[in-house]
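Below you'll find the structure, written out as structure tokens, and then a few comments.
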Amino acid sequence: MSKTKIDKVSYTLTVDKADEAVANAEKTIEVGLDAGLRALKAIHIIDREHVAIVHNDLKAVVGVRRKIKSFFKEAKERAHEAHKSIIAMEKAADAEPARIEAILRKGLNEYEAAERKRIAAEEKAERERQAKLEAEGKVDFGLTEIVDGGQAKAVKKPEQTTGLSTMKTIEVKIAEPHKLIQAIAFRKAPITWVDFNIGDIRKYAREYQKKHGQLPSLPGCTVTEEHKVRV
């Protein structure tokens, strides 16, 4: 880190010079501008003689302002030097953290860019694969051929052994129900994998009939109305 330091003596002189400038400015205003000018809020010039008076007052005000600027000149110069020193110290102190931050951000940006590129490439490849399958009249649901004539192929059970044994269980969770239904529809999975809720279907048909005055036409279903006599 830079060893740049503020000259404390110079800083103290800066403050002292500023205080001195304020005192001198107040004194100059009091002496150089009369009470009437100090109380001035607005002015309306009425004739040429008044113009001459205003010119004299203006000259006095300009002179006072020049003196005030001269009073603060040294203090401003010293303050400017102190400001430059502080900026240099800040820059030196922040150099190492700034360098590390830049490296970290660059790494993150490069990774995210690579990920976006990879994902885009994978999505493009998948779209092209699906388009090719559709063109060939095939649909891929990510399942292997596990059915034969609409039924699941038999799986040979492992032979049981005497003595101690270890039981293994397989848990299945339906993550994408619609995809599974599509696979069943295309005979990629057995229909026995689903359990149709006839009660819900009947309820829907009843509500549809109440609203539209007729029975609904449901895909894969025959909907009829039966009249039963209760005793």
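Listed values, structure above:
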{"quantity": "Criterion (polar (S, T, N, Q), assigned to a loop (DSSP other than H, G, I, E, B) and at pLDDT 80 or above) met by exactly one of GLN214, GLN160", "calculated": "GLN214"}
{"quantity": "Residue selected from segment 1-52 under the condition of a type in the set (S, T, N, Q) and not in a helix (DSSP H, G or I), by the criterion modelled with the highest pLDDT", "calculated": "THR4"}
{"quantity": "Yes/no for LYS41 being surrounded by 10 or more Cβ atoms within 10 Å (Cβ to Cβ) and of a type in the set (Lys, Arg)", "calculated": "no"}
{"quantity": "Set ALA175, ALA183, ALA189, ALA154: member being over 24 Å from CYS221 (Cα atoms), modelled with pLDDT of 80 or more and of a type outside the set (Phe, Trp, Tyr)", "calculated": "ALA175"}
{"quantity": "In segment 168-182, the residues that are in contact (Cβ under 8 Å) with a residue 24 or more places away in the chain and basic (Lys, Arg)", "calculated": "LYS179"}
{"quantity": "Residues of segment 192-205 satisfying the condition of being of a type outside the set (Val, Ile, Thr) and either under 15 Å from PRO219 (Cβ atoms) or surrounded by fewer than 13 Cβ atoms within 10 Å (Cβ to Cβ) (or both)", "calculated": "ASP195, PHE196, ASN197, GLY199, ASP200, ARG202, LYS203, TYR204, ALA205"}
{"quantity": "Selection within segment 79-134 - more than 26 Å from the chain's Cα centre (by Cα) and more than 30 Å from THR14 (Cα to Cα)", "calculated": "GLU96, LYS124, ALA125, GLU126, ARG127, GLU128, ARG129, GLN130, ALA131, LYS132, LEU133, GLU134"}
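The values are calculated or read from the model by the stated rules, or taken from the named source; none is laboratory data. Being a predicted model, the structure only gives us computed values, none of them experimental. Positions of Cβ are backbone-derived with ideal geometry, glycine not excepted, and every protein chain shown enters the neighbour counts.
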